[in-house]
1. With the contact rule set at Cα under 8 Å and sequence spacing of 6 or more, what percent relative contact order holds for segment 5-81?
2. Going by average Cβ neighbours within 10 Å, how do the peptides 7-19, 32-44, 69-81 rank, with the highest at the top?
3. In the chain, how does Rg compare with the Kirkwood Rh, expressed as the Rg/Rh ratio over alpha carbon atoms?
4. In whole Å, largest first, what are the principal axis extents of the Cα atoms in segment 22-67?
5. What FRET efficiency do you get for residue 37 and residue 81 if R0 is 25 Å and r is their Cβ-Cβ distance, rounded to the nearest 0.05?
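Nothing in this text is a laboratory measurement; each read-out follows from the coordinates by a stated rule. Worth saying up front: this structure is predicted, and the values here are computed from it rather than measured. All Cβ positions, even for glycine, are placed from backbone atoms using ideal geometry, and neighbour counts span all protein chains on display.
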């Protein structure tokens, strides 16, 4: 499944720049909306009770701001480094 990242922010927001740099560092292409220029996206934030930026979405789900995105990417990186069997049949109890 391909990932679709969206960042809502504005140019004077330092964490907006940081989250975009973080996504680039992890090789994540994203769509950026400047809420000071895009009235529809600003109204979307307000309608959903989101009062700060950046707001980061992954595949339509809200991750949150910079810290939440950083945490998510860290967990994904750690899980990607784990090695465990895909077949868990060895861990299932015999029903007899």
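1. Values: 94 pairs, mean separation 27.5, N = 77.
After rounding, I find 36 percent.
2. On the way: 7-19: 17.7, 32-44: 14.4, 69-81: 12.5.
Sorting 7-19, 32-44, 69-81 by mean packing, highest first, produces 7-19, 32-44, 69-81.
3. Numbers: Rg = 18.0 Å, Rh = 15.3 Å.
We get a ratio of 1.18 for the chain.
4. That works out to 30, 19, 17 Å along the principal axes.
5. FRET efficiency, residue 37 to residue 81: 0.05.
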